Amino acid sequence: MIFVIVILGSTKKSAPAGFAGLAIGITLVAIHVFGIHITGVSVNPARSLGPALMVGGQALQQVWLFLLVPSLGGLVAGLLFRSKALATE
């Protein structure tokens, strides 16, 4: 959710020009640095699905979590932006 919020916020028209890539990149690094020890960090659901299909077993049993949670996070972030709950103006 945080990653999608940063993407939406840094690419909207009122955001400072030229800094979207920096904000998105720093956020992606922070997500990986803090999350790697917790979940192994798979920000891309396709990156979770491919290895789970190849390995099977417990990885395949848990892959639903790596597909559902990022989708829900993106949905919540989109709804927050659409409702202007995160607006600073």
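Structure notes:
- Whether the chain is rounded, prolate or oblate, judged on the alpha carbon gyration tensor where a/c under 1.5 counts as rounded: prolate
- Loop-located trypsin sites (Lys or Arg not before Pro) in the chain, at most 13 other Cβ atoms within 10 Å (DSSP): K12, K13, K84
- When the inverse distances between all different Cα atoms of region 39-89 are averaged and flipped, the Kirkwood radius reads 12.4 angstrom.
- Inter-probe distance in nm under a simple model that places probes 7 Å from Cα toward Cβ, at L79 and W64: 2.1
- Simple label model, 7 Å out from Cα along Cβ direction - V33 to V55, nm: 2.6
- For region 2-82, the relative contact order is 33 percent, taking Cα pairs closer than 8 Å that sit 6 or more residues apart in sequence and dividing their mean separation by the residue count.
Values in this text are rule-based calculations from the coordinates and carry no lab data. Owing to the predicted nature of the structure, the values given are computational and were not obtained by experimental measurement. Note: ideal-geometry Cβ built from the backbone for every residue, glycine included; neighbour counts use all protein chains shown.
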